[in-house]
Amino acid sequence: MRKLTEAISRLTPEEAAELSRVLHIDGLSGDRSAALGEMLNTYSGIHALLSGLARDELLLLRAAIRMPDGITYGDAEKALKLDGAAIERNAASLAKRVLAYVFKNRQRLHNKLDKVHIYQEIQDLLVPVEPDELRDHFSAARALLREIPPQGIKPEKPASPDEERLLQMLFLHGGVISIEEAGRALSIDALEKAIAAVRARGSANVRHVFTVPFQTLIVLEPDRFPGLAARGITPSAPPAHRVQNHYNFLLNILSTFDTVSSFGLFYTKQREFRKVDWKRLCDAMMRMEELSGEDFTANRTAELCLSVLHALKCCTLTRDAVVISLKPIERELDSPQKLLLRVLRALDTADSEGAPAPSPFQMPALAAVRTLFEIISDTAAGSIGILLAEFVLGALSAQSENRMSLIDRRDRAIAQCMGGLRLMCLCGIIEAHGAVVELSDIGAELAYRFVKTRKPVEPGTDGDCRKVYINPDFTMIIPKDEISSEAGYHLLARAEIVRDDMILHTRLSRASIVRANKRGMSPDEFLATLERCSKNEIPQNLHFVLNEWEHQTIRLKILDATVIRSSHPSLLDELENNEQLAGFFERIAPAYAIIDRGHLDTIIKIAQKRDAVITLFEDEGAGISP
């Protein structure tokens, strides 16, 4: 059996230089044999070398690795469906890269008995695997992570910081990373030492996927997941305070409608929103926090609200303005649980065409949110790291329905999981206490509706609920973390926020009540909630004042109407008397009329019968800019 060192020593200077370039050690001068031999005995070096192989070369190499005594040209032809010339050409290429050598059989005129052998040093490093073969591996890891509670396990400390870093990366990536990803976090020397350490401990192994491109995977052993989960590994530092957004996102959706419907949100020729309109909208947003405890900026909040409203069919972008209406969700406005369900179910039907603004982050699919509900409901409380690991393991252990690579599937699962957790946090479905994530009161109720968990206890109506103070001047003090999120929604949907702190200082005003009425929200829910949660006596004149504000409100509705002009009033006379247009056509001058745009087709058909020259939506005097 030939040795790798001998093959390296026989390389010509040109071949040694080319091999050095491929292995990224081309800066050396003189004899490179020692450096090449050392690099070819590392996983990083083997990966760099095999990454440049063609498909047929990889297939021949894999076939030879699986035959301890080498593979003949004839057997390779049958196994790989390649002709003899291709086998010989690919074998020569492998030999040139000191991966294999060929034993010539001189007893025959043909070369079918010539045999390809892999150098033993190379064979000791390569372990071929098919991605589907790892499904059982990931299933076992997920089962162990679910069955063994991390609290009952004493975490095992690794021997070095590099080993710790590698294990943390593996845990947060569902137990599998590519050697390129590991190489971006660690130097080659540190990575090779860390791989040797985790292999020696039985914590992880290295597997190779012989596809184009070639993949070297570092795979965490299933029995190591519970111990790593016990360390509380998370993608980012946990928040220093409790994070709970309650129904602030739904309240921001209502504020978005209030602002856009009253003041407008106009698009400029530069294809951006008018600054004064956008600032007004951002100023109306309530504060929200991410799972990390960082503020979710008002700019992102406004973008998210517009994106979700578009998914709910409530707003769209016309040529120069945003058109908004709450008609599609008017029945859910007084029920935040039902409204939040509508938001989640719209995830799979959302269409970006005509959206006023893109979502500030990648929105998850409905299936991802449902999976997260199931995981969090089963674990009761766990770190983001545990939720992420279990989510990714579930995705990798499922049957793949496309031809995506294992790493691409893993990355997609990570994006769906983190996007789902982010959305659920902003919607108030989950809350964070340090490193622990659990369902909030909103999430517990939604889980019952969404994944059929046990129904949560109904909120109380006695002294434990009476936390709100309302003064004679209609100012209210609301301890937002001491009342249910639903009660807070009903109160804040009809009040103005004076100061947002641990305790909310709000007031009822004519403007806030009129805004709620404009949305179509009944005052009954507000009054019932106030009576249930008020710790002091409600002002006697509250009901009277609310009704008085409603009756005194002047309502002005500005419609996006379509005006038509005819050079011959006789055409308008005919349209005015058409039964199909009854109630949708109004004459405002001899040559002008206002029509409902939904009946434009009828008007065009009538005009065409009279051979009219029709011009659609052309502004008079407007030219086309170059």
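The charge dipole of the chain, taken about its Cα centre with unit charges on the Cβ atoms of Lys, Arg (+1), Asp and Glu (-1) only, comes to about 1000 debye. Return, ordered by residue number, the residues of the range 220-242 whose backbone nitrogen is under 19 Å from a label point located 7 Å along Cα→Cβ of ALA185. Answer for the range 220-242: 220-238. Pairs over the 30 Å Cα-Cα cut-off, from the set LYS279/LYS467; LYS269/LYS313; LYS518/LYS605; LYS275/LYS327; LYS269/LYS338; LYS81/LYS104: LYS279/LYS467; LYS518/LYS605; LYS269/LYS338. With point charges of +1 on the Cβ of Lys and Arg and -1 on the Cβ of Asp and Glu, referenced to the Cα centre of the range 4-125, which listed residue (GLY74, ILE46, GLN120) lies farthest in the positive direction of the dipole? Comparing the listed Cα positions along the dipole, GLY74 ranks first. Straight-line cross-link partners of LYS193 among the aspartates and glutamates, defined as a Cα under 19 Å from its Cα and at least 8 positions apart when in the same chain: GLU38, GLU121, ASP124, GLU156, ASP162, GLU163, GLU164, GLU180, GLU181, GLU221. Here the chain is treated as a sphere whose radius is the Kirkwood value from Cα pairs; by Stokes-Einstein at 20 °C and 1.002 mPa s it diffuses with a coefficient of 71 µm²/s. Remark: the range 131-230 carries a charge dipole of roughly 220 debye about the Cα centre, counting +1 on each Lys and Arg Cβ and -1 on each Asp and Glu Cβ. What the chain shows is 52 Å² of accessible area per residue, with the surface traced by a 1.4 Å probe over protein heavy atoms. Only helices enter the 222 nm calculation for the chain: every DSSP H run of n ≥ 4 contributes -39,500 (n - 2.57), and dividing by all residues gives -13500 deg cm²/dmol, rounded to 500. Anisotropy class assigned to the range 358-400 is oblate, per the alpha carbon gyration tensor with a/c at or over the 1.5 cut-off and a/b no larger than b/c. Going by the alpha-carbon gyration tensor, a ≥ b ≥ c the square roots of its eigenvalues, is the range 562-609 rounded (a/c under 1.5) or, if a/c is not under 1.5, prolate (a/b greater than b/c) versus oblate? Rounded, because the longest to shortest axis ratio a/c is under 1.5. What the phi angles of the range 172-183 give under the Karplus curve with 6.51, -1.76 and 1.60, with θ = phi - 60°, is a coupling list of 6, 10, x, x, 8, 9, 7, 5, 5, 4, 5, x Hz, glycine and proline written as x. Residues whose amide H comes within less than 5 Å of that of GLN215, counting only those at least five positions distant or on another chain, are VAL209 (H built at 1.01 Å from N in the peptide plane).
Sorting the segments 387-397, 362-372, 339-349 by their mean number of nearby beta carbons within 10 angstrom, highest to lowest, gives 387-397, 362-372, 339-349.
Per-residue packing, averaged as other Cβ atoms within 10 Å, sorts the ranges 173-184, 565-576, 320-331 into the order 173-184, 320-331, 565-576, beginning with the highest. Legend: calculated FRET efficiency, HIS543 to MET404, from the Cβ-Cβ distance at R0 = 51 Å, rounded to 0.05, equals 0.25. Each of the peptides 309-319, 586-596 was scored by the mean count of other Cβ atoms within 10 Å over its residues; in descending order, highest first, they stand as 309-319, 586-596. Carbon-plus-sulfur accessible fraction, the range 4-125 (probe radius 1.4 Å, protein heavy atoms only): 51%.
With the whole protein complex present, SER307 retains an accessible surface near 20 Å², based on a 1.4 Å probe.
If you take all other residues with their beta carbon under 14 Å from the beta carbon of GLY183, and give Lys and Arg +1 and Asp and Glu -1, the sum is -2. Computed on the range 8-108, with alpha-carbon pairs under 8 angstrom and 6+ residues apart, the relative contact order is 20 percent.
The values are calculated or read from the model by the stated rules, or taken from the named source; none is laboratory data. All values derive from a computational prediction rather than experimental measurement. Please note: Cβ atoms are built from the backbone with ideal geometry, for glycine as well, and neighbour counts cover all protein chains shown. Just the protein is used for accessible areas: all its heavy atoms, side chains included, with ligands, DNA and RNA removed. Shrake-Rupley method; radii C 1.70, N 1.55, O 1.52, S 1.80 Å.
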